[in-house]
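First the structure, in the form of structure tokens, and then the observations on it.
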Amino acid sequence: MPRILLLFPIVPMVLFAYVDSDMDGVEDKDDLCPNTLMTDLVDLKGCTIKSLISPHHFTLLAGTSYAEDNNVSYLFSTLELDYYYKKISMKLSSSYYNVDDEATVNSDGLNDTTLNFFYRFNPLENLSLSVGTAVYIPTYDSSSNKMDYSASIDGRYYIDKLSLSTGVGYKIVGDTNASNTLFYHLSTGYSFNNNLYSSLSYSVSESMYDSVDNFETLSLYNYYSINKNWFGTLSLTKGISSESLDNTIGVKVGYYW
């Protein structure tokens with residue numbers, strides 16, 4: 001009996017002698033790669049073999065926007081699916097419109113469906129560039145509506161919590177009796193904290209019809225992260241040119257995984 005009792009004080013001493021600071025299953029004295037992430041699969045020396053976090057990510061967004069222009073009101077319902085893989089991303093989006101015109105009958109239907117491809121890279125530490133292409137699938141019900149294509153490049157420069165961005169693109173319009181168009185934007189944004197980001201943008205888009213003036217808008221965009229998966233956006237847009245909608249407000253809710 002005395003021999004068994006003497007074993008109990010030894011057990012805590014053995015337990016306290018084992019230290020695994022990064023909790024990867026390899027004791028510190030044998031760990032050649034300290035501070036590995038808990039999501040990493042490690043070898044017997046504590047070095048990363050494979051990250052258990054997938055490089056593939058998705059975002060699903062649903063939202064609605066309301067616009068007024070003279071005596072006409074517009075309601076848009078949007079659905080968007082985004083895919084991210086390292087520096088590459090894709091976006092598939094579509095919207096359904098409803099137009100309420102006091103002078104004529106109401107109308108509704110699908111807008112064109114858009115498929116975007118982006119490649120983002122950082123030539124400088126604080127500079128991010130994104131090269132993109134888009135295909136506009138003619139889901140809008142019109143006999144003259146054909147497939148359209150576009151190419152664009154955007155740049156964003158970061159100064160602490162402030163960001164400055166600009167971009168330009170060119171759209172090849174396949175519609176009957178329509179011209180190709182140029183579009184560009186200037187914007188500035190600010191990250192108030194890890195959850196809230198706001199930006200102010202000025203955008204110009206040429207009309208595909210020669211007799212119609214350019215579309216010019218001023219937009220305020222707000223992004224709020226609810227948690228690691230859920231987020232929401234709020235956008236307010238003011239039409240500057242006569243061809244743009246006077247006022248537009250839009251909200252979206254998104255889920256990231």
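The numbers here are math on the coordinates, done by the rules we state, and not lab data. Given the structure is predicted, the values throughout are model-derived calculations rather than measurements. Positions of Cβ are backbone-derived with ideal geometry, glycine not excepted, and every protein chain shown enters the neighbour counts.
Calculated FRET efficiency, Cys47 and Asn229, Cβ-Cβ r, R0 25 Å, to nearest 0.05?
Working: r = 31 Å, r/R0 = 1.22.
Approximately 0.25, to the nearest 0.05.
Given the rule -39500 (n - 2.57) for each run of at least 4 DSSP H residues, summed and divided by the residues of the chain, what is its mean residue ellipticity at 222 nm, to the nearest 500 deg cm²/dmol? Could you put the intermediate results ahead of the total?
Details: 2 runs with 12 residues, N = 257.
Helices in the chain give a 222 nm mean residue ellipticity of -1000 deg cm²/dmol.
What area, in nm² and to one decimal, does the C-alpha convex hull of the stretch 139-257 cast on average over all directions? If you can, show how the numbers build up before the last one.
Details: hull surface 36.2 nm².
Projected over every direction and averaged, the Cα hull of the stretch 139-257 covers 9.1 nm².
Label Ala62 and Ser144 with points 7 Å out from Cα along Cα→Cβ: what is the distance between them in nm?
3.5 nm
So for the stretch 22-110, what percent of the C-alpha to C-alpha distances run longer than 19 Å? Write out the running numbers ahead of the final one.
Numbers: 2521 of 3916 pairs.
Distances greater than 19 Å cover 64 percent of the Cα pairs.
Apply 1/(1 + (r/R0)^6) to the Cβ-Cβ distance of Val168 and Asn247, taking R0 = 30 Å, and write down the FRET efficiency to the nearest 0.05. The partial results should precede the final answer.
Values: r = 26 Å, r/R0 = 0.87.
Efficiency for this residue pair is about 0.70.
Mind checking which of Met208, Ser165, His57 is farthest towards the positive end of the stretch 56-256's charge dipole, using Cβ charges of +1 (Lys, Arg) and -1 (Asp, Glu) about the Cα centre?
His57
Picking from Asn222, Asn122, Ser94, whose Cα lies most toward the positive end of the charge dipole for the chain (charges on Cβ: Lys, Arg +1; Asp, Glu -1)?
With unit charges placed on the Cβ atoms, the residue in question is Asn122.
Would you mind calculating the gained length between Asn126 and Asn98 on full extension (0.36 nm times residue separation, minus the Cα-Cα distance), in nm to one decimal? The partial results should precede the final answer.
Numbers: separation 28, 0.36 × 28 = 10.08 nm, distance 4.21 nm.
Result: 5.9 nm gained on full extension.
Over 28 Å between Cα atoms, which of Lys91/Lys161; Lys87/Lys146; Lys86/Lys238; Lys91/Lys146; Lys45/Lys161; Lys50/Lys87 qualify? Present the calculation step by step, with values, prior to reporting the outcome.
On the way: Lys91/Lys161 26 Å; Lys87/Lys146 31 Å; Lys86/Lys238 35 Å; Lys91/Lys146 20 Å; Lys45/Lys161 39 Å; Lys50/Lys87 19 Å.
From the list (Lys91/Lys161; Lys87/Lys146; Lys86/Lys238; Lys91/Lys146; Lys45/Lys161; Lys50/Lys87), the Cα-Cα distance tops 28 Å for Lys87/Lys146; Lys86/Lys238; Lys45/Lys161.
Under 12 Å from a point 7 Å along the Cα-to-Cβ line of Tyr157: which residues of the stretch 215-240 have their amide N that close?
none
Give me the distance in nm between label points sitting 7 Å out from Cα along the Cα-to-Cβ direction at Ser179 and Asp30, one decimal.
7.5 nm
Between [x] 21.0, 89; [y] 26.9, 103; [z] 16.8, 48, which matches Rg and Dmax of the Cα atoms in Å calculated for the structure shown?
Calculated Rg and Dmax of the Cα atoms in Å: the matching label is [y].
Any chance you could check the Cα centroid distance between the stretch 142-208 and the stretch 119-136 for me, in angstrom?
Measuring centre to centre over Cα atoms gives 13 Å.
Of Glu27, Glu216, Glu80, which has the largest mean-square fluctuation in a 10 Å C-alpha GNM of the chain?
The residue that fluctuates most here is Glu27.
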